[in-house]
1. Is it fair to say K134 is in contact with a strand residue (DSSP E or B) (Cβ under 8 Å, 6 or more places away or on another chain), on the phi > 0 side of the Ramachandran plot and either without any contact (Cβ under 8 Å) to a residue 24 or more places away in the chain or not aliphatic (A, V, I, L, M) (or both)?
2. Any chance you could count how many residues in region 101-131 are over 12 Å from R84 (Cβ atoms) and touching a Leu at 6+ places or on another chain (Cβ under 9 Å)?
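Laboratory data are not the source of any read-out in this text; all were calculated from the coordinates shown. Everything numeric in this text was worked out from a predicted model, so none of it was measured. Don't worry about glycine lacking a Cβ; one is built from the backbone with ideal geometry, like all the others, and counts go over all protein chains shown.
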Amino acid sequence: MRKIFTILGLIIILITGSALYAGNESRPQGGPPEGGTPPDRGFQQGNEFREVNFQGYLVDCIWGTTGQNDQGKDVFNKPSLITRIHLLSDAAKEAGYGIILQDPSGRKMFFRFDDNGNLMANDYLMNRCKAKNKIKIEVKGYMGGKGGITVTSLEKAKSTSQPQGPEGQPPAGQGGRPPMGQGGPPPRD
C-alpha cells in the first residue's frame, strides 16, 4: 500500500512539473514593443505593456521610505503632515519624489518615481499645486523593476472618498456603491 502512494505521489509531481514548465513556455518573452519606454517589468496584457492610473499622496523619498517625518510621526496614516513647503525643500528635491498608495487590504505602501516623474512632481508643486498639505495626485505610468513607477503624467487627483486602483476603479475588495442613478450591475442578455 505504501508503494502505491509513493508511486502516485511521484506521478502527481511529474504531471504538476510538466504543466508548470509548459505554462512558462507560453508566456510572452522580451520587453515592450519597439519605441516603447516601459521598464523591464510592468503590467502586461499579452505582449503589450499597459499604462495604469495610480492615486495617492505625493511624498519625498526620505519620508516615503521611512514612513515618518523628521519628528518621527507616521506620514502614511496622516498625510496632512506632508506639506508643500517640505516637498519644495532642497533635501526633498534632491531625494526625489514618490507616491503613497493603499492596497485593497488597507496597507499603505511607498513607490518611487523615475527621473521624469521627479521633474513632473517638482513642476506640479511649483506651478499648479494649490494645496498646502495632503497633496493628492493621480499618476499615469508603468510599474518599474526596482519598486518604482515610470511616470508618463502627473495631475491633481480627482476628488474621491476611496483609494483608487488601476483605471480609476476602487481596488478589489473595497466594494463601494456608485452614486445614485449611475452604475449598477450590467444588463443581462
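1. Criteria met by K134.
2. 8
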